[in-house]
Amino acid sequence: MLKKLTINFSIVAGLLTACAQPTSPTPPPANQPQAAKPVAATEPKGDLRIGTGLNLPASMMVTVGQTGYNMVAYGAGEMLMRLSPQLKLEPWLAETVTPTDASTWQVKLRKGVLFHDGNEMKAQDVADSFKRSWENLAGATTFISKDTKVSVSDDYTLLFSTPKPQGNFPFALANWNFVVAKPAVNEISIMTGMYRPVKLEKDQEFTLEHFAKHWQGGGMLKRVIVKKIPDANARVLALQSGDLDMLTNVAPDIAAGLPADIEQRSIGGTRMHYVILNHTKAPFNDKKVREAVSAVVDRAALLKATLNGQGVAAVNLYPPSTGIEQVPAQRTDVEAAKKLLDEAGWSLNNGAREKEGKKLAFTIHSYPGRPELTQMAVAMQSQLKSVGIEVKVDEVKDITAQIKDGDFQASMFSIGIQADPQYAPGVTLVKGGSFNYGGYANANIETLFEQLKGEGDLAKRQSIAKQIQEVVKSDTPNLYLAIPPLITTYKKGKVTGYIQHPDDLYIIHKELGVN
């Protein structure tokens, strides 16, 4: 049994993204030793000023909300495992991850990893960090059960014993809910990344400083300063004037208008633009209404209207760039939509759908951080009006604050999807998922998700992922719209060594510097 598990994990680690990278050699699996090499400290130089329209972390404590995501993105937080720019699973703070039986995994840690307080990371620190994640982050329990027993064998070795076999356990260790951190001091988590968070001005600015004792020698920068500028045009003007050095997640239409002295890097990303539907409120507690709205939306037209024709029209919850086999689920069929609305009792009267004296109408929230989302909402407003559905588009400053308590009908949203088939349903469809703001619940999804967690064989995991997509096809939990290109822009000659990662969880890396 042990031999089979080891072979299957090698397949998962090395071949999951073979569809996206067919000519890439398979790297060593994560259960092979990856000896840490001493790295000389880097002499930092200059500040990198990044402009974003998205929410800054709500806190500098990784046990609060989605703070862990931001800490990884900006170079402060690290997990036991990570995904390479080729979307290959590889060790990070772990040196090796090895199954000892169907439900037990041995994790050996890198030696010489220091926390931001200067103390070495030991196995007990990691065990305690996982315990805090389970206690504070609902998303953590989605990926690794809080009933998992963690025992410390020695200073650099842990055993994780899961309640059930978990074939994708190494992938789960790459989840941002499991940033390794010590308890916060002065409301700042003590992590291990190459940059140390020092200041957060709510909704304005986030500052991190070079950590010279980082186990890889530290980054190239003295400071990373992330500034929130909600208006996309204002962000571009700040880049052109030299007030900013870099913009992330730039919309294609904005990128097309930039001058020649601005470098552009574009890659097929793993991000999904979609609409969260609230299943606890009308009208989306009615399956036929959900199906009808999805069938009216012309996704190809959305690409032309909002992404300069770039990107890929979504057909299901997995972006094709993840290498996960697709099951086409959502397509445009206006006549079918009209029939569904008729069947649901929404009659067409003077151009409006009505039932029992009420019009079929809903509000869709959006936010300025990703301007193309509001543009998509407006385009859908026009499309849905053609079949008698009235839509109000409401752009709000903080989308998470707007929808986190379930007080909404529909909301534009965007998340990065990992190459592991478990990630997308785990954060958006499963009960307690980090981004399941619409209260979606489906017994078949829950069952298939548990099967997926326990399966280590690649072919079987793909099969389960296809079954999950079939449920999405029949139930329309959300409206999947587009996979946008991932575009980063920066001043030519100012920013150096930038390596673009298709998953925008990973923005800051060791080679990134400034002149």
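The criterion of at least 2 residues that are more than 24 Å from R82 (Cβ to Cβ) and among the hydrophobic types (A, V, I, L, M, F, W, C) is met by the following helices (runs of 4 or more DSSP H) wholly inside the stretch 359-460: 371-385, 399-403, 443-454. Restricting the search to the stretch 136-147, which residues are assigned to a helix (DSSP H, G or I) and in contact (Cβ under 8 Å) with a residue 40 or more places away in the chain? Across the stretch 136-147, the qualifying residues are N136, A138, G139, T141, T142, F143. For the stretch 149-200, the tally of residues that are under 30 Å from H509 (Cβ atoms) and polar (S, T, N, Q) stands at 8.
Each row is one residue, and each column tells you yes or no for (1) touching a His at 6+ places or on another chain (Cβ under 7 Å); (2) buried (at least 23 other Cβ atoms within 10 Å of the Cβ); (3) more than 19 Å from F449 (Cβ to Cβ); (4) not aliphatic (A, V, I, L, M).
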| position | (1), (2), (3), (4) |
| --- | --- |
| W134 | no, no, no, yes |
| T141 | no, no, no, yes |
| V152 | no, no, yes, no |
| T157 | no, no, yes, yes |
| S161 | no, no, yes, yes |
| P165 | no, no, no, yes |
| F171 | no, yes, no, yes |
| A184 | no, no, yes, no |
| E209 | no, no, yes, yes |
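Of the helices (runs of 4 or more DSSP H) that lie entirely inside the stretch 202-306, those containing 3 or more residues that are more than 15 Å from A482 (Cα to Cα), out of contact with any Ser or Thr (no Cβ under 9 Å at 6 or more places or on another chain) and of a type outside the set (K, R) span 232-241.
One line per residue, one yes/no per condition, for (1) part of a loop (DSSP other than H, G, I, E, B); (2) touching a residue at least 60 places away in the same chain (Cβ under 8 Å):
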position: S463; (1), (2): no, no
position: V472; (1), (2): no, yes
position: Y490; (1), (2): no, yes
position: I499; (1), (2): yes, yes
position: I508; (1), (2): yes, yes
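If only residues of the stretch 373-421 that are touching a residue at least 40 places away in the same chain (Cβ under 8 Å) and among the charged types (D, E, K, R) are counted, the one that is surrounded by the most Cβ atoms within 10 Å (Cβ to Cβ) is D420. Considering each residue of the stretch 315-335 in turn, none proves to be assigned by TED's automatic domain parsing to the domain that holds P425, crowded, with 16+ Cβ neighbours inside 10 Å and in a strand (DSSP E or B).
Going by the structure shown, is P57 over 15 Å from F211 (Cβ atoms), touching a Ser or Thr at 6+ places or on another chain (Cβ under 6 Å) and crowded, with 23+ Cβ neighbours inside 10 Å? So P57 fits the description; yes.
The values are calculated or read from the model by the stated rules, or taken from the named source; none is laboratory data. From a predicted model like this one, the values you see are computed outputs, not experimental measurements. Note: ideal-geometry Cβ built from the backbone for every residue, glycine included; neighbour counts use all protein chains shown.
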